[in-house]
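Contents: one structure, followed by commentary.
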Amino acid sequence: MKAVVTTGKGGFDKLSYQDVPVPRPGPGEALLRVLAAGVNNTEINTRLGWYSAEVSTATSAVSDSAARADAGNVSGGDKEDGGWAGKTPFPLIQGTDCCGEVVELGQGADPALLGRRALIRANMRRHGFDSLECDWMASDFDGAFAQFVKVPASEVFPVDCDWSDAELATIPCAYATAETMLHRGGVAAGEHVLVIGASGGVGSAAVQLALARGAVVTAVTSPDKRDRVASLGDIRVIDRRHDLVAALGEFSVDAVVDNVAGEGFPVMLKLLRRGGRLMSSGAIAGPVVDLDMRDLYLKDLQLIGTTAWDEPVFPRLISLIETGQIRPLLDRTFALEDIVEAQRAFLEKTHVGNFVLIPPPL
């Protein structure tokens, strides 16, 4: 089969489009023909080693260096903590988001899955949902930047809808991450939720999913993306350059979804009401932030970090798709072999929603 193999940590030259063996499902496993695979920050960050503790810059600073250099180790050095859970097992087929068709099953897998179009829950709890220990498709084992992918059958979720394959491939990583933040934060109807970086994959998903919960949503984005973000629903949109405290007032929001962090982080705590919650699963503007502990403890705030997806999240997403309560935000599609072009365009950050790769026909 054709696949994009990431051969090591570094620039675009580490992405090799090549022939590799088709995996075969073992007991309890399923083989899917990949119909479409989404592009995410995490594939780029993992290739660059941005998750290393020695990296303190914004993802854009690291990524821009890679885009210019196109080669070499641009961050994270030779440290073994450059991946999500330590050292990434290169060479690796990346690709966290997958819409696929189940074409073969191993012994003991549910035969009803065969032939179904499905999404893959890429975050797999190693010891069940009582533990936060996880295995990640495309980080711990081969993912969906290929014509076929093999996964535990328990992580295959059939979906019945009229969405295209590419539209479905926009969902898993961004929407499951956003829904986990809202779930852990206990976001309820009528609460005021502030979404920072609302034009990104996770941010735009959080806007839709908060609205689906009946929350009041304020979204922060750049002026050139304002109209597209505003089209997500009945929300207020604020220019990210504005003074958020002046625009909203202190003690004005119940919950903040912030995957931006960086210099603007201290303001988030000023905006939260007493007992408010800040949820985060990323830090694209920089992972090292200033924190005034008085804001944290005098206001009884909760800071909630999320990586592992909670048990109710993926079934809820399938239900929201099938009942039409959320919609895909597909910006562009690329051929799988054009992954470098796709990642270059992704790094420009001019899009709203997601990019998706389409494998070649069999």
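Of the candidates Asp292, Asp227, Asp243, the single residue that is touching a residue at least 12 places away in the same chain (Cβ under 8 Å) and over 22 Å from His183 (Cβ atoms) is Asp292.
When restricted to residues that are in a strand (DSSP E or B) and on the phi < 0 side of the Ramachandran plot, the stretch 111-141 contains 13.
Checked against (1) outside any helix (DSSP H, G or I); (2) at pLDDT 95 or above, Gly76 meets all criteria but (2). Residues in the stretch 7-42 that are farther than 30 Å from Asn259 by Cα, in a strand (DSSP E or B) and touching a helix residue (DSSP H, G or I) at 6+ places or on another chain (Cβ under 7 Å): 3 in all.
Can we say Ser280 is in the same structural domain as Arg240 (by TED's automatic domain parsing) and among the small types (Gly, Ala, Ser)? Against the criterion (in the same structural domain as Arg240 (by TED's automatic domain parsing) and among the small types (Gly, Ala, Ser)), Ser280 qualifies.
If the condition is being crowded, with 19+ Cβ neighbours inside 10 Å and within 27 Å of the chain's Cα centre (by Cα), then the stretch 241-261 contributes Leu244, Val253, Asp254, Ala255, Val256, Val257, Asp258, Asn259, Val260, Ala261.
Counting the residues of the stretch 198-227 that are among the small types (Gly, Ala, Ser) and surrounded by fewer than 24 Cβ atoms within 10 Å (Cβ to Cβ) gives 4. The residues of the stretch 162-186 that are of a type outside the set (Val, Ile, Thr) and either within 12 Å of Pro328 (Cα to Cα) or free of Cβ contacts under 8 Å to residues at least 40 places away in the same chain (or both), listed by number, are Asp162, Trp163, Ser164, Asp165, Ala166, Glu167, Leu168, Ala169, Pro172, Ala174, Tyr175. Listed by position, the helices (runs of 4 or more DSSP H) contained in the stretch 171-268 that have at least 1 residues being closer than 24 Å to Ile321 by Cα are 172-184, 201-212, 226-230. Taking Gly108, is it within 28 Å of Ile321 (Cα to Cα), at pLDDT 95 or above and in a loop (DSSP other than H, G, I, E, B)? No, not satisfied.
Per the conditions (1) among the small types (Gly, Ala, Ser); (2) modelled with pLDDT under 95; (3) within 25 Å of Ala261 (Cβ to Cβ), the sole criterion not satisfied by Gly128 is (3). Checked against (1) touching a residue at least 40 places away in the same chain (Cβ under 8 Å); (2) outside the structural domain of Gln107 (by TED's automatic domain parsing); (3) of a type in the set (A, V, I, L, M), Ala189 meets all criteria but (1).
The values are calculated or read from the model by the stated rules, or taken from the named source; none is laboratory data. Computed from a predicted structure; not experimentally measured. Cβ atoms come from the backbone with ideal geometry, glycine included; neighbour counts cover every protein chain shown.
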